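Chemist: The structure follows.
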Amino acid sequence: MNTEKSKVKAWVSLMDSVKQDGKNAGLSRRISRIASLPRRRRVTVSLKKLNEHVSASENVIVPGKVLSTGVPDKKFSVSAIEYSEAALKKLRSAGCDVVPIEEMIKRQGVRLII
């Protein structure tokens, strides 16, 4: 099994456990549904889109891949299934937090970007 499939399965199982706890149930149900889509239909979000739609110090979940087009000029926290190598470098150099989904889902005020 490739690493992307294992990451998606881990995300979906985590979202299922969160749904059962009742905390952030609506958000976790939506993330699970989007992350379960076939790869060709999964969400891809550029840094440019993140920069336009996210305010500073906001918590964001991307149930897909973050691409490197654009440069973030705000510091925010992001969690995604995948990141391109260039996107990871740009996020870290801009001071953004790249957070695992297990930690992000516990935070308050999390937004879903698709």
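Chemist: Quick check on my link table: of Lys5/Lys75; Lys49/Lys89; Lys48/Lys90; Lys5/Lys90, which ones sit more than 23 Å apart, alpha carbon to alpha carbon?
Modeler: Beyond 23 Å: Lys5/Lys75; Lys5/Lys90.
Chemist: Using the Kirkwood radius over C-alpha pairs as Rh, can you work out the diffusion coefficient of the chain via Stokes-Einstein at 4 °C, viscosity 1.567 mPa s, in µm² per second?
Modeler: For the chosen part, D equals 92 µm²/s.
Chemist: Between Arg40 and Val98, what length in nm is gained on full extension when 0.36 nm per residue of separation is reduced by their alpha carbon distance?
Modeler: Once the chain is fully extended between Arg40 and Val98, it gains 18.5 nm.
Rule-based calculations on the coordinates, nothing more; no lab input. The shown structure was predicted, so the numbers you read here are calculated from the model rather than taken from an experiment.
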